[in-house]
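Single-structure report; data block below.
The values are calculated or read from the model by the stated rules, or taken from the named source; none is laboratory data. The structure displayed is predicted, hence computed values, not measured ones. In this analysis, Cβ positions are derived from the backbone assuming ideal geometry, glycine residues included, and neighbour counts consider all displayed protein chains.
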């Protein structure tokens, strides 16, 4: 399948091939249709300890004290059915993609009818030419921080959130413990041609609302804001090279005006911005990925969550992760380990100092056919809030073992 999903799969596999190059190709008059997708499910066991920090911005599955839960759930990738079409008309390459994304989880009676178990992540059209690039209009993966998730090995697995998010469409993977979620956004974007490995994308995307949920139980934070009439502006550039020592370097950025901060908008307007850089290198079966991002008012985990305090002042944040993988020659089995952190800094006068989510993950991803992978992962997550409201820090931990399979077609 040659849709955005295939790009995500290719980045996640990091050359450990198990996905097909195309889905089900159907000639239809002037059009060529491509039907493809993903089906995945995992048996997970999550054990937790410490404090409940899930509502404080943490990404652990903690439910106050020691606990254990078992679920059968979708991983970081949702189940995916994508229909794309392409044609050449009037010297233009014209195309479209529409997808539906049902979850695999039923954690309670009636859960199979839960609307949260269904998403529609893609609905966009494209037109352009290889001589000058292409334009995309519609809903697709956001531009800022997109390479961070596309190079995360947990894209083929579970990562964090197997307990707290079971029953929703997906788990978190490394979102919120190494990078911020790019999300799926309405957008108008231009992508350049590929000039000997260099390319860039720039676009306007739907502005998000600023919101405060995670810190509400730690400090009386009522800061909210509207996305307003101004869109977000996002862009990224990358350089990719092939060969025995292949790799890619990239950077991206986002800026958005946030209107009506504070109760009834009395604190005025501000601007949320963020940037990131990353690289991935592959040589002799080894892969190494390094990523760093920094934000001002962008919050943590998802964009604009807790990005502003209740005085309307932007909080600083940063995200980073390191990942190493090795693909066994002949077998195609990829073994990987990664560690990352996401930190939100308090402003002067707030009743906490910072909160941090970190996660260590090891995984084995084995292709038993070119379409089907078996996956085994272990993830250990720690969410910590340093606060003056308690004698010690609020600290929650969760550990998840997941076993399952993911099929691409």
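See the values below:
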{"quantity": "Condition check for residue 159: surrounded by fewer than 20 Cβ atoms within 10 Å (Cβ to Cβ), modelled with pLDDT under 95, closer than 19 Å to residue 80 by Cβ and touching a strand residue (DSSP E or B) at 6+ places or on another chain (Cβ under 8 Å)", "calculated": "no"}
{"quantity": "Region 239-272, residues that are over 18 Å from residue 151 (Cβ atoms) and out of contact with any strand residue (DSSP E or B) (no Cβ under 6 Å at 6 or more places or on another chain)", "calculated": "243, 244, 262, 263, 264, 265, 266, 267, 268"}
{"quantity": "Residue count for region 61-78, restricted to those that are modelled with pLDDT under 70 and either under 24 Å from residue 178 (Cβ atoms) or surrounded by 17 or more Cβ atoms within 10 Å (Cβ to Cβ) (or both)", "calculated": "3"}
{"quantity": "Test: residue in region 351-358 that is within 19 Å of the chain's Cα centre (by Cα), at pLDDT below 95 and closer than 25 Å to residue 311 by Cβ", "calculated": "yes"}
{"quantity": "Residues (part of a loop (DSSP other than H, G, I, E, B), at pLDDT 70 or above and loosely packed, with under 15 Cβ neighbours inside 10 Å) located in region 79-112", "calculated": "90, 91"}
{"quantity": "Every residue from region 169-181 that is under 8 Å from the mean Cα position of the chain (by Cα), assigned to a loop (DSSP other than H, G, I, E, B) and surrounded by 23 or more Cβ atoms within 10 Å (Cβ to Cβ)", "calculated": "172, 174, 180"}
{"quantity": "Neighbours by Cβ (under 8 Å, 6+ apart or cross-chain): first from region 128-140, free of Cβ contacts under 8 Å to residues at least 40 places away in the same chain; second part of a loop (DSSP other than H, G, I, E, B) and surrounded by fewer than 15 Cβ atoms within 10 Å (Cβ to Cβ)", "calculated": "129/91"}
{"quantity": "Filtered residues of region 122-155 (kept if assigned to a loop (DSSP other than H, G, I, E, B) and buried (at least 21 other Cβ atoms within 10 Å of the Cβ))", "calculated": "122, 142, 143, 144, 145, 151, 152"}
{"quantity": "Residue 385 part of a strand (DSSP E or B) and more than 29 Å from residue 312 (Cβ to Cβ)", "calculated": "no"}
{"quantity": "Residues of region 185-208 satisfying the condition of being outside any strand (DSSP E or B), surrounded by fewer than 20 Cβ atoms within 10 Å (Cβ to Cβ) and touching a residue at least 12 places away in the same chain (Cβ under 8 Å)", "calculated": "192, 193, 197, 206"}
{"quantity": "Test for residue 164: is it modelled with pLDDT of 90 or more and buried (at least 19 other Cβ atoms within 10 Å of the Cβ)", "calculated": "no"}
{"quantity": "Tabulated pairs, region 215-242, first under 18 Å from residue 267 (Cβ atoms), second at pLDDT below 55 and not in a strand (DSSP E or B), C-beta under 6 angstrom, 6+ apart or interchain", "calculated": "215/221"}
{"quantity": "Tally, over region 283-342, of residues that are over 18 Å from residue 172 (Cβ atoms), at pLDDT below 95 and either assigned to a strand (DSSP E or B) or touching a helix residue (DSSP H, G or I) at 6+ places or on another chain (Cβ under 6 Å) (or both)", "calculated": "2"}
{"quantity": "Test: residue 280 is surrounded by fewer than 24 Cβ atoms within 10 Å (Cβ to Cβ), in a strand (DSSP E or B) and free of Cβ contacts under 8 Å to residues at least 60 places away in the same chain", "calculated": "no"}
